[in-house]
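Okay, so here's the structure we're looking at.
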Amino acid sequence: MLHLPADKQIRGGVLICGSLGKDGMDSVRLHRILGDGLAHRGFAVLHFDYLGSGNSSYAQGRDDAVANWVASVGHALDYLTLIGAESTTAVGIRAGCLLLDEYLAGQSRPPNRVVYLDPAGTGRRYLREHATLFRLSVGEDAATPGEVSIVGGRLSDHAAAEFAALQIRADPVGARGVDNMLLVGRPDETDRRITALASAAGVDSVITAGLRECAGPSPRDYMLPIPFTAVDAITQWIDANSPTRTHRAAPRYRTTATVPADGPDGVDVVERIERIEPNGLFAIRTLPRHPDPSPAGTVLFFVTGHDLHVGPAREWVELSRRIAATGAQAVRWDPAGQGLSGEITRGPWRDIYSKADIADAIAVARHARQGAGELKLVGICSGSWYAAHAARSIGAQSAILVNLVMWNWRVTPALFMQWIGREKARRANAVVDTATGPSEAKTKRLRGLLNPAREPAKRLMHQYLPRHVLRFLSWIGLVWLPEPVLTTLARRGTDVTLIASPEDAEVFAAKGGRAALERLRRTSRRTRLIAAPTGDHVAHHPAILTAIRGAVLPVEAACPTC
């Protein structure tokens, strides 16, 4: 994404080198806020996806991944030079600092200035921390032979060993040829490489509280806080150390690109950036390179919570390309205020369930199927709720709903849950801002009174109240009940596949979901449940991802090695 001053008169270019996996995806809000601030100061700012990550070419798991990531830094700097940036600054964020540092080690023409924000001292430490976090959050049984997994990504053993060998060097100014450098670090930093760098000649050092709380991956309930103190320090430093003379940028844009086949048996596909009105939502459509005159259908992906359009562990990107290789199309998109859609949400909270997002989901579904055959909808958690709304409104051939929680068509039942999430987000932000807020004790007391009683009360209601009473309570928005949602979709003619982790399958059964499926089967309604033997709610576990692939792809294309 490129940020420019309104008049395109620039003082130089700034490149943002993000982190890896979900840590990198969760930082896109930070990239955009930093980019907007620098553009207002007269800079062209580019943030990008490394090869093999995000929307860029190549699959994950390649042995040459680290070399491709480092090369991506050079490709992005070349673009800034191409559009007219005469002076450049590169900003690394966490793992991105390691990749930027490795790039600098092999370059005779480095950027003029370098900024490291909350750098990881070594690749080994970064991988160890994030691989441990993956095992704790996704499950000890989630390991894949020959790979190292982090939340939101995976590396081959070979690439992981290469990344682990990376480390921050202590003399970037004297040894690399950059003019000057800024290091923004934590007050409790213990890595000797980072502390040595902070005291090196030509390095300006700023200590900022709250960076640990701002590091990803994000919690399920809310978005990561933004380290605004660090953002302001970086903006001011680049502003003060860059030339004041301006020159006109000549940006070059492409909305369509051919993604090369990955492997000897792969197929080239085409990807196209689209904007969906009325809110200008960002979307990418993946198509066959040589489409058939009669469309083979379109798969529309919905994201969960605060995820980006790339999906869990980049699954929506890689699955879209496999879909296009079979002759069909796929569309992935960001809701308003998230990712690359619209004005970015600056605060750490955004309502997960809202009427505005229902309207957007329906508009996206209507846009996705234009001239593209039958529509198949795929979503996880809140994304599956929006997929269900789209199917209910405009119809769909099928809907694959993964770990759906909100078994009600109304927003009302989610109000209390969203209030709790908003309070958690407020407190997380208060930690970063070194303030706590006056109502925290009251909030904790209220939550402490209400939370323990909610789930037992719900279980008793589902166990003992008659079906007609439960359906009435569901209709007025007081309980979550699978049967009305599934019945509506079945009557709409949508084939529904439910995929559930063990945790979600248990909740589904407790709400009468399995009994509802039996009643639907007796009426020949096409609804099925795939209960995964293991897996997590947000679908980073390989078992859940495998179940999704099996439900989405034709049988002949469902093999992960295809």
* Looking at the stretch 331-346, is at least one residue closer than 22 Å to P482 by Cβ and among the aliphatic types (A, V, I, L, M)? -> no
* Asked: polar (S, T, N, Q), in contact with a Cys (Cβ under 7 Å, 6 or more places away or on another chain) and not assigned by TED's automatic domain parsing to the domain that holds D118: does that describe T304?
  -> yes
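Given the condition within 22 Å of T144 (Cα to Cα), outside the structural domain of K22 (by TED's automatic domain parsing) and either touching a residue at least 24 places away in the same chain (Cβ under 8 Å) or of a type outside the set (D, E) (or both), answer yes or no: does some residue in the stretch 518-530 qualify? I'd like the intermediate steps shown before the answer.
To start, the set of residues in the stretch 518-530 that are within 22 Å of T144 (Cα to Cα) comprises 530.
Going one step further and asking which of them are outside the structural domain of K22 (by TED's automatic domain parsing), we end up with 530.
With the extra rule that they be either touching a residue at least 24 places away in the same chain (Cβ under 8 Å) or of a type outside the set (D, E) (or both), the set shrinks to 530.
Looking for residues that are within 22 Å of T144 (Cα to Cα), outside the structural domain of K22 (by TED's automatic domain parsing) and either touching a residue at least 24 places away in the same chain (Cβ under 8 Å) or of a type outside the set (D, E) (or both), one finds at least one in the stretch 518-530, hence yes.
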* To do: Determine whether the stretch 391-408 contains at least one residue that is touching an Asp or Glu at 6+ places or on another chain (Cβ under 8 Å), assigned by TED's automatic domain parsing to the domain that holds P264 and outside any loop (DSSP other than H, G, I, E, B).
  => yes
* Structure fact -> Contact list, first residue from the stretch 145-161 and modelled with pLDDT of 95 or more, second anywhere and in a helix (DSSP H, G or I) and among the β-branched types (V, I, T), beta-carbon distance below 7 Å, six or more apart or interchain, is A159/V66
* To do: Counting only residues that are over 23 Å from H540 (Cβ atoms), give me the helices (runs of 4 or more DSSP H) lying completely in the stretch 1-116 with at least 1 of them.
  => 28-40, 65-82, 95-105
* To do: Looking at (1) of a type outside the set (A, V, I, L, M); (2) over 22 Å from I499 (Cα atoms); (3) in contact (Cβ under 8 Å) with a residue 40 or more places away in the chain; (4) surrounded by fewer than 24 Cβ atoms within 10 Å (Cβ to Cβ), find the lone condition where G297 falls short.
  => (2)
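In the set G61, G21, which member is within 27 Å of F163 (Cα to Cα) and either in contact with an Asp or Glu (Cβ under 9 Å, 6 or more places away or on another chain) or not small (G, A, S) (or both)? Can you show your working first?
Values: G21 fails: either in contact with an Asp or Glu (Cβ under 9 Å, 6 or more places away or on another chain) or not small (G, A, S) (or both).
After ruling out the rest, the residue left standing is G61.
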* **helices (runs of 4 or more DSSP H) within the stretch 422-514 that include 1 or more residues modelled with pLDDT of 90 or more and β-branched (V, I, T)** => 482-491, 502-510
* To do: May I ask you to say which residue of A67, A59, A71 is within 22 Å of L99 (Cα to Cα), modelled with pLDDT under 95, of a type in the set (G, A, S) and surrounded by fewer than 19 Cβ atoms within 10 Å (Cβ to Cβ)?
  => A59
* Asked: So is A356 touching a residue at least 40 places away in the same chain (Cβ under 8 Å), among the aliphatic types (A, V, I, L, M) and in the same structural domain as A547 (by TED's automatic domain parsing) or not?
  -> no
* Hey, could you check the stretch 116-163 for residues that are out of contact with any Asp or Glu (no Cβ under 9 Å at 6 or more places or on another chain) and among the aliphatic types (A, V, I, L, M) and say which is surrounded by the fewest Cβ atoms within 10 Å (Cβ to Cβ)? => L136
* Yes or no: G24 out of contact with any helix residue (DSSP H, G or I) (no Cβ under 7 Å at 6 or more places or on another chain), small (G, A, S) and more than 30 Å from L133 (Cα to Cα)? -> no
* Have a look at A200, A209 and point out the one that is under 28 Å from R94 (Cα atoms), of a type in the set (A, V, I, L, M) and touching a strand residue (DSSP E or B) at 6+ places or on another chain (Cβ under 9 Å). => A200
* Asked: What number of residues within the stretch 325-381 satisfy the criterion of being basic (K, R) and outside any loop (DSSP other than H, G, I, E, B)?
  -> 4
* Structure fact -> Counting only residues that are in a strand (DSSP E or B), in contact (Cβ under 8 Å) with a residue 12 or more places away in the chain and not aliphatic (A, V, I, L, M), the stretch 270-286 contains a total of 6
* Taking the residues in the stretch 264-294 that are surrounded by fewer than 21 Cβ atoms within 10 Å (Cβ to Cβ) and acidic (D, E) as candidates, determine which candidate is nearest to the chain's Cα centre (by Cα). => E274
* To do: Read through the list (1) surrounded by fewer than 22 Cβ atoms within 10 Å (Cβ to Cβ); (2) farther than 30 Å from V303 by Cα, then give the number of the only condition that E213 fails.
  => (2)
* Asked: Within the stretch 132-181, how many residues turn out to be under 17 Å from T122 (Cα atoms), in contact with a helix residue (DSSP H, G or I) (Cβ under 8 Å, 6 or more places away or on another chain) and among the charged types (D, E, K, R)?
  -> 2
* at pLDDT below 95, more than 19 Å from R29 (Cα to Cα) and β-branched (V, I, T), is that true of V173? -> yes
* Which of the following residues is outside the structural domain of L545 (by TED's automatic domain parsing) and touching a strand residue (DSSP E or B) at 6+ places or on another chain (Cβ under 6 Å): S108, S87? -> S87
* To do: Could you tell me which of the residues A249, A233, A257, A240 is touching a residue at least 12 places away in the same chain (Cβ under 8 Å) and either farther than 30 Å from S57 by Cα or among the aromatic types (F, W, Y) (or both)?
  => A233
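The values are calculated or read from the model by the stated rules, or taken from the named source; none is laboratory data. What you see is a predicted model; the values in this text were computed from it and never measured. Virtual Cβ from ideal backbone geometry, glycine too; neighbours counted across all protein chains shown.
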